[in-house]
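Colleague: Okay, here's the structure, questions in a sec.
The values are calculated or read from the model by the stated rules, or taken from the named source; none is laboratory data. Treat the numbers as computed from the prediction; the structure is a model and nothing was measured. So basically every Cβ, Gly included, is an ideal-geometry build from the backbone, and we count neighbours across all protein chains shown.
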């Protein structure tokens, strides 16, 4: 789920698997699979970024833009053999 804001700055979560499309007219409108339309303060690019970030986290995909974090989180070679 992604955290977005209504125009009055109230925060809430949206199940991004149920989003059909996002449009700017000029307000950003998230159209859900149920037919419900939600107006949010984030622009379409920000909603897209939030969805990508959530999907990467949910699927265990490392952030390719931060190699130092990948290196810090990578298991050391031989660590598994030492614990056996």
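Colleague: Report, by residue number, each residue of the stretch 1-41 that is farther than 24 Å from residue 56 by Cβ, part of a loop (DSSP other than H, G, I, E, B) and in contact with a strand residue (DSSP E or B) (Cβ under 8 Å, 6 or more places away or on another chain).
Modeller: Hits for the stretch 1-41 are 6, 7, 27.
Colleague: Still on this model: Hey, can you tell me all the residues within the stretch 21-53 that are in contact with a helix residue (DSSP H, G or I) (Cβ under 6 Å, 6 or more places away or on another chain) and surrounded by 13 or more Cβ atoms within 10 Å (Cβ to Cβ)?
Modeller: At the first step, the residues of the stretch 21-53 found to be in contact with a helix residue (DSSP H, G or I) (Cβ under 6 Å, 6 or more places away or on another chain) are 22, 24, 28, 32-33, 51.
Answer for the stretch 21-53, where residues must be in contact with a helix residue (DSSP H, G or I) (Cβ under 6 Å, 6 or more places away or on another chain) and surrounded by 13 or more Cβ atoms within 10 Å (Cβ to Cβ): 22, 28, 32, 51.
Colleague: Would you mind stating whether residue 52 is on the phi < 0 side of the Ramachandran plot, at pLDDT 95 or above and part of a helix (DSSP H, G or I)?
Modeller: Yes, satisfied.
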